[in-house]
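The values are calculated or read from the model by the stated rules, or taken from the named source; none is laboratory data. What you see is a predicted model; the values in this text were computed from it and never measured. Note that each Cβ is placed from the backbone with ideal geometry, even for glycine, and that neighbours are counted across all protein chains shown. In case anyone asks, the SASA skips ligands and DNA or RNA and just uses the protein heavy atoms, side chains included. Shrake-Rupley method; radii C 1.70, N 1.55, O 1.52, S 1.80 Å.
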Amino acid sequence: MHNIDSDSDDDLPSGWIQKPTEDGNVYFVNSFTNKIQWTHPRTGRKKIIPKELPFGWTKRIDESGKTIYLQQDTGNQTYVDPRLAFATEEKNHVHDFRQRFDSSTTAFQVLHGVDLSGKYALITGCNAGIGYETAKSLARHGCNVLMANRNMEATQKAIEDIVQSTNASEDNLKFIHLDLASFQSVKKCAMAVKTVFSDHLDMLILNAGVFGLPYTETVDKLETMFQVNYLAQLYLTLLLEPLLKKGSRVIFVSSESHKFAHLKNVFNQQNLAMTRDTFSSMMAYNNSKLYMVIVSKILSEKWKEKGISVNSLHPGNMVYSNLSKTWWLYRLVFLIVRPFTKSMQQAAATTVYAATASELKGVTGLYFNNCFYCAESELARDKDIAGEIFTMSLKMIEERMETDITKKFNNKC
C-alpha cells in the first residue's frame with residue numbers, strides 16, 4: 001500500500017510519537033522529555049487526519065479499557081488508530097501536496113480506507129475497460145454510481161459482475177442510456193439524471209471514448225470521434241451544471257495523445273471537427289483529446305468561485321481495452337505491447353485519484369498522469385486559442401440544438 005507522506009522527511013526523530021485527537025488533528029509527544037506540540041518535529045508542519053475511521057474499520061473497548069481497532073475484512077486488530085495512516089500535512093497553498101502514488105498503483109490502492117458512502121458519481125462509457133474498473137472501484141467503497149452507456153445489456157452484465165466480484169450493493173449501481181453520437185440523447189440523458197440525482201452530483205467522470213475509426217458522421221452531421229470523445233461530453237457537462245455544487249469534481253479523461261494534436265485549418269474553416277477531405281483518424285483522436293484538456297481548464301476558471309473542481313488526465317499508454325477494437329492492426333499492436341503497459345486497474349487509478357483524493361480538495365485546472373499533476377501541451381495552455389475553441393464549441397452545439405447555450409452559460413457564471 002502506498003501511504004501519504006512516506007518519504008524520509010516525514011520520519012519522526014528518535015523518541016517522538018504521533019497521536020490523534022477525535023476531531024481529526026495530530027499532536028506529537030517526545031517520550032524522553034514529555035514535550036507535546038502540534039507541529040511535526042522535523043518538517044515543522046501541522047498534520048490532520050480524517051474524522052471518521054477508514055473504510056472497513058470499527059473500534060471497541062477491550063477488557064482493560066483500551067480502544068482497539070478491528071479491520072473487518074481481514075480480522076486484524078490494533079491499538080494504533082488507523083486514521084494515522086492517512087495523515088496529511090495542512091496546506092500552505094491549494095496545490096501544496098506530495099505525490100503518494102505512481103504508475104504501478106491500482107485504483108483499489110488509491111481507495112484504500114476511503115469511505116464513499118453517500119457520494120454520487122456519473123461515469124460515461126463504463127460497461128467495459130477503464131470506465132468499468134472506475135465504476136467497480138467506486139462502488140466497492142460504497143459510492144452510488146450511475147453508469148451512462150449506450151448498450152443496456154452490456155451495462156446490466158457489468159453491474160452484475162461488479163456486485164459479484166466486490167460485494168457492492170446492487171442498489172448503488174444504476175444504468176442510464178446515453179448515446180454520445182446524438183445530442184438529443186445527451187439532452188434526454190441529462191434530464192433523466194436530474195431525476196435520479198435530484199440534489200447533487202459529487203463526481204462527473206467523462207470517460208467515454210472511441211479510437212481509430214474511419215471517417216463517419218453522427219446523426220448531428222459531425223465527425224464521430226470529435227462528437228463522442230469531446231463535444232457531446234462537453235454538452236452533457238454543461239447540462240448537468242445545476243447538479244454540481246461546492247466540492248463536486250468534474251474529470252475529463254483525456255490522453256497524452258493531446259500533445260500530438262494540431263489545429264491546421266480549424267480556425268480558417270471555423271470547424272473544430274475534421275471534414276472528410278482533411279480527415280486523419282489519428283489526428284482526429286489527438287485533437288478530441290486536446291479539446292478535453294482545453295475545456296477542463298476553461299471550466300475550471302468559470303466554476304472556481306462555485307467551488308467546483310475541473311481537471312483532466314491521462315490514464316495510461318496503449319492500455320489493452322476495447323478502444324483498439326476498431327481495426328485488427330490496432331488490436332495486434334496493443335496486444336504486443338500489453339505486457340509493458342498498465343493493467344486496467346492501474347489505468348483507472350488516476351481517474352479515481354482525481355475524483356476522490358482528499359488532498360485534491362479545491363484543486364482545479366490541472367492535468368494529471370500517474371496520479372500526479374504534470375504539464376499539458378503548450379497548445380493546451382494558450383488562453384487565446386482556448387477561448388476561441390470554447391466559443392466555437394458552444395456555437396456548434398447551438399446550431400444543432402437550437403438553443404442559446406452561450407447566453408445560459410455566461411449568465412450562470
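Quick look at the numbers
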{"item": "Some residue of the range 28-48 being within 28 Å of R140 (Cβ to Cβ), without any contact (Cβ under 8 Å) to a residue 24 or more places away in the chain and not aromatic (F, W, Y)", "result": "no"}
{"item": "Residues located in the range 44-66, provided they are assigned to a loop (DSSP other than H, G, I, E, B), of a type in the set (K, R) and open to solvent by less than 90 Å² (accessible area, probe 1.4 Å)", "result": "R45"}
{"item": "Boolean, I298 is part of a helix (DSSP H, G or I), at pLDDT 95 or above and hydrophobic (A, V, I, L, M, F, W, C)", "result": "yes"}
{"item": "Which numbered condition D9 misses (of (1) modelled with pLDDT of 85 or more; (2) open to solvent by 60 Å² or more (accessible area, probe 1.4 Å); (3) outside any loop (DSSP other than H, G, I, E, B))", "result": "(1)"}
{"item": "Residues (out of contact with any strand residue (DSSP E or B) (no Cβ under 6 Å at 6 or more places or on another chain) and not in a helix (DSSP H, G or I)) located in the range 241-251", "result": "L244, K245, K246, G247, S248"}
{"item": "Failed item in (1) more than 19 Å from C371 (Cα to Cα); (2) modelled with pLDDT of 95 or more, with V293 passing the rest", "result": "(1)"}
{"item": "Residue in the range 83-100 that is part of a loop (DSSP other than H, G, I, E, B) and hydroxyl-bearing (S, T, Y) present", "result": "no"}
{"item": "Test: residue in the range 67-88 that is of a type in the set (G, A, S), at pLDDT 90 or above, open to solvent by less than 50 Å² (accessible area, probe 1.4 Å) and under 23 Å from G362 (Cβ atoms)", "result": "no"}
{"item": "Residues that are among the β-branched types (V, I, T) and under 25 Å from A139 (Cβ atoms), drawn from the range 49-64", "result": "T58"}
{"item": "Only one of V163, V219, V193 that is open to solvent by 10 Å² or more (accessible area, probe 1.4 Å) and either farther than 18 Å from A128 by Cα or in a loop (DSSP other than H, G, I, E, B) (or both)", "result": "V219"}
{"item": "Unmet criterion (only one of (1) surrounded by fewer than 14 Cβ atoms within 10 Å (Cβ to Cβ); (2) at pLDDT 95 or above) for S182", "result": "(1)"}
{"item": "Of all residues making up the range 115-160, the number that are open to solvent by 70 Å² or more (accessible area, probe 1.4 Å), under 28 Å from K245 (Cβ atoms) and assigned to a helix (DSSP H, G or I)", "result": "1"}
{"item": "Qualifying positions in the range 362-380 - over 19 Å from K302 (Cβ atoms) and either among the acidic types (D, E) or open to solvent by 20 Å² or more (accessible area, probe 1.4 Å) (or both)", "result": "N369, N370, F372, Y373, C374, A375, E378, L379"}
{"item": "Test: residue in the range 101-110 that is open to solvent by less than 10 Å² (accessible area, probe 1.4 Å), touching a helix residue (DSSP H, G or I) at 6+ places or on another chain (Cβ under 6 Å) and under 29 Å from L240 (Cα atoms)", "result": "yes"}
